[in-house]
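Asks: Sharing a structure, written as structure tokens. Questions coming.
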Amino acid sequence: MDAPPTVAAPSPGRLRARAAGFVVLGAIITLGPAYGHFFATGSHEYLGWKMFSRQATDFCAVAYWRPDPGGRVPLDRFAVLGYDPDRAPVDLRRVRDPAAARVIGAKMCARLGRGADVRVDLRCATKDGWRDSPATDTSPATDTSLCRTTR
Amino acid sequence: MTLAAAEGSTRLAALLRVGLALLVWTRFCNDFAAFHDNGAAWTLLGASLFASSTLMLLGWRSRLATAWTGLTLAAIVVYLGVVERHYALLHHHVSLLMIATVLLALTPCGGSLSLDRWRAVRAAERAGRPPPPERGPQWAVHLIALQMSAVYLWGAIDKTRVAWLSGERLEAILMYHYTGSDWPSWPGFPALCLAGAVSTVALEYALAVGLWFPRWHRVLIPTVIVFHGLLYFTLPVATFSATMYVMMLAFVPAATVHRVVDRLLGQGEAVDAAPHSTQDAAP
């Protein structure tokens, strides 16, 4: 065997092409996402590297309860509606929006019977964090029983 | 011009090629199998993806096959994702795989561990010459590293806002996937989310910059492995974590990768000593 073969040195033109390619592509890679992050609107709003910005923005945290002279009494929606929490339908485990929370509340009212008073604290997930829903307005002056509003 | 002239071992780009081709199979080949009968566009793009990624994996006309794979992925994202609104094809993990593949086509990814290399070695043997050195330009490998940095940087910028830094977004994400609409009974859940959110942003900023300094690799590379491993195990990130693992190779000096492969094979070829070598610069 001979000595190891040499590798032909790239021509100046090729070197310039590589340098230009690096600068142009590097600028696109580095600065391109600025459009999606700072300037885009509408359907372009999610361009860029916004991992987790859209995830988990279509559901609400719920806490059902009934008023009691001693304070609030939590209501377990799964127990009231007769479901095992691990096997309940996904839209009962993960309540989609305030309207779905009210529908579930109405079903709980029906199961609990005449005179039931079911209320809900509701916070919905958005890309800007938790947003309190109007359904959380439980001041004594406001009638927010889901049972009365749905009958 | 130093960067443009920098050359090094082609084994690094070859490992990127093999890793990305397998990730393309993992992510797309079931979705694009012909039996789904999703229409002519899916079938044609699927056939193109199967053929191109197979050649890319085997390393036959490697750069051409890699470019073909990258362009097919681009067509999938633009036509099926943007035009036909299949939003699952617009996720970040798909874009990342597409961009990494396109950039890989600019590297000498067929110079090692490929049919191209096999043919070159056989041709040299027939001619009575030693095999050609496994060397090639590294500028596009640095672009892959730059892309990984940009993902960390812009990901951190996007999270630098009250909704994330307060822990609220992380609370929502964990609840969505684990407890649904019920507030977790885990003790310290808000504090855990606050700590997780702040440390994630700090880590992303640190990785965006720190991976460019080889002396920090001993700390940062294991950190990347644990960080993306946690994401892979706990959240639906598809091939994102695995793609970042593969791309992380682009931060390792090519000479180091070459030596590691040599040691694994029990050999000691000194590729660094090849004539006219400019440098095996760390990115």
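The values are calculated or read from the model by the stated rules, or taken from the named source; none is laboratory data. It should be emphasised that the depicted structure is a prediction, and the values quoted were computed from it without experimental measurement. Please note: Cβ atoms are built from the backbone with ideal geometry, for glycine as well, and neighbour counts cover all protein chains shown.
Asks: Based on what the data block shows, is B:I157 among the β-branched types (V, I, T) and either over 17 Å from the mean Cα position of the chain (by Cα) or not in a helix (DSSP H, G or I) (or both)? Break it down into steps so the answer makes sense when it comes.
Replies: Working: among the β-branched types (V, I, T): yes; either over 17 Å from the mean Cα position of the chain (by Cα) or not in a helix (DSSP H, G or I) (or both): yes.
So B:I157 passes the test.
Asks: Could you look through the stretch B:175-211, keep only residues that are crowded, with 16+ Cβ neighbours inside 10 Å and touching a residue at least 40 places away in the same chain (Cβ under 8 Å), and pick out the one that is nearest to A:I29 (Cα to Cα)?
Replies: B:A208
Asks: Take the stretch B:103-144 and flag every residue that is part of a helix (DSSP H, G or I) and crowded, with 21+ Cβ neighbours inside 10 Å.
Replies: Our first condition is that a residue be part of a helix (DSSP H, G or I); within the stretch B:103-144, this holds for B:103-104, B:115-126, B:139-144.
B:L103, B:L104, B:D116, B:W139, B:A140, B:V141, B:H142, B:L143, B:I144 - these are the residues of the stretch B:103-144 that are part of a helix (DSSP H, G or I) and crowded, with 21+ Cβ neighbours inside 10 Å.
Asks: So which residues in the stretch B:160-174 are of a type outside the set (A, V, I, L, M, F, W, C), surrounded by 19 or more Cβ atoms within 10 Å (Cβ to Cβ) and within 28 Å of the chain's Cα centre (by Cα)?
Replies: In the first step, residues of the stretch B:160-174 are kept if they are of a type outside the set (A, V, I, L, M, F, W, C); the result is B:160-161, B:166-169, B:171.
In the following step, the residues that additionally are surrounded by 19 or more Cβ atoms within 10 Å (Cβ to Cβ) were identified as B:167-169, B:171.
If the condition is that a residue be of a type outside the set (A, V, I, L, M, F, W, C), surrounded by 19 or more Cβ atoms within 10 Å (Cβ to Cβ) and within 28 Å of the chain's Cα centre (by Cα), then B:R169 is the only one that fits.
Asks: Test B:A150 against the stated conditions and say whether it is surrounded by 18 or more Cβ atoms within 10 Å (Cβ to Cβ), aliphatic (A, V, I, L, M) and within 25 Å of the chain's Cα centre (by Cα). Step through it out loud before you land on a result.
Replies: Values: surrounded by 18 or more Cβ atoms within 10 Å (Cβ to Cβ): yes; aliphatic (A, V, I, L, M): yes; within 25 Å of the chain's Cα centre (by Cα): yes.
When the stated conditions are applied, B:A150 passes them.
Asks: Restricting to the stretch B:231-245, what's the tally of residues that are among the β-branched types (V, I, T), within 17 Å of B:L103 (Cβ to Cβ) and part of a helix (DSSP H, G or I)? Even if it seems obvious, please write down each step before you answer.
Replies: Looking only at the stretch B:231-245, we keep the residues that are among the β-branched types (V, I, T), and these are B:234, B:237, B:239, B:243.
Now restrict to residues that are within 17 Å of B:L103 (Cβ to Cβ): B:239, B:243.
Okay, now just the ones that are also part of a helix (DSSP H, G or I), so B:243.
Matching residues across the stretch B:231-245 total 1.
Asks: Would you confirm whether or not the stretch A:2-14 contains a residue that is acidic (D, E) and not assigned by TED's automatic domain parsing to the domain that holds A:D132? Step through it out loud before you land on a result.
Replies: In the first step, residues of the stretch A:2-14 are kept if they are acidic (D, E); the result is A:2.
Now restrict to residues that are not assigned by TED's automatic domain parsing to the domain that holds A:D132: A:2.
Yes, because at least one residue in the stretch A:2-14 is acidic (D, E) and not assigned by TED's automatic domain parsing to the domain that holds A:D132.
Asks: Going through the stretch B:147-206 one residue at a time, which ones are at the interface with another protein chain (Cβ under 7 Å from one of its Cβ atoms) and touching a Lys or Arg at 6+ places or on another chain (Cβ under 6 Å)?
Replies: Listed by number, the residues that qualify are B:D158, B:A163, B:G180, B:S181.
Asks: When both residues are 6+ apart or on different chains and their Cβ atoms are under 6 Å apart, which pairs have a first residue that lies in the stretch B:37-61 and is within 17 Å of B:C109 (Cβ to Cβ), and a second that is in a loop (DSSP other than H, G, I, E, B)?
Replies: Close Cβ pairs (under 6 Å, with a partner that is in a loop (DSSP other than H, G, I, E, B)) amount to B:G59/B:G110; B:G59/B:S114.
So that you can scan it fast, the table gives a plain yes or no per residue for (1) within 11 Å of chain B (Cβ to nearest Cβ); (2) among the basic types (K, R); (3) surrounded by 14 or more Cβ atoms within 10 Å (Cβ to Cβ):
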| position | (1), (2), (3) |
| --- | --- |
| A:G21 | yes, no, yes |
| A:A27 | yes, no, no |
| A:L31 | yes, no, no |
| A:S43 | yes, no, no |
| A:L47 | yes, no, yes |
| A:M51 | yes, no, yes |
| A:P67 | no, no, yes |
| A:R93 | yes, yes, yes |
| A:A100 | yes, no, yes |
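Asks: So A:V7 clears everything in (1) at pLDDT 90 or above; (2) in a loop (DSSP other than H, G, I, E, B); (3) over 19 Å from B:L153 (Cβ atoms); (4) among the aliphatic types (A, V, I, L, M) except one condition, right? Which one?
Replies: Unmet for A:V7, out of (1) at pLDDT 90 or above; (2) in a loop (DSSP other than H, G, I, E, B); (3) over 19 Å from B:L153 (Cβ atoms); (4) among the aliphatic types (A, V, I, L, M): (1).
Asks: List pairs: first in the stretch B:109-134 and within 10 Å of another protein chain (Cβ to nearest Cβ), second assigned to a helix (DSSP H, G or I) and small (G, A, S), Cβ under 6 Å, 6+ apart or cross-chain?
Replies: From the stretch B:109-134, the pairs are B:P131/B:A124; B:P132/B:A120.
Asks: Got at least one residue in the stretch B:20-28 being in contact with a helix residue (DSSP H, G or I) (Cβ under 6 Å, 6 or more places away or on another chain) and not in a helix (DSSP H, G or I)?
Replies: no
Asks: Moving on to the next point. All but one of (1) over 21 Å from the mean Cα position of the chain (by Cα); (2) in a loop (DSSP other than H, G, I, E, B) hold for B:L194; which doesn't?
Replies: (2)
Asks: I would also like to ask the following. Taking the stretch A:69-91 as the region of interest, how many residues are assigned to a helix (DSSP H, G or I) and either surrounded by 14 or more Cβ atoms within 10 Å (Cβ to Cβ) or within 9 Å of chain B (Cβ to nearest Cβ) (or both)? Lay out the reasoning, then the answer.
Replies: Within the stretch A:69-91, the first condition is being assigned to a helix (DSSP H, G or I), and the residues that meet it are A:77-81, A:85-87, A:90-91.
Then keep just the ones that are either surrounded by 14 or more Cβ atoms within 10 Å (Cβ to Cβ) or within 9 Å of chain B (Cβ to nearest Cβ) (or both); that gives A:77-78, A:80-81, A:85, A:90-91.
So the answer is 7.
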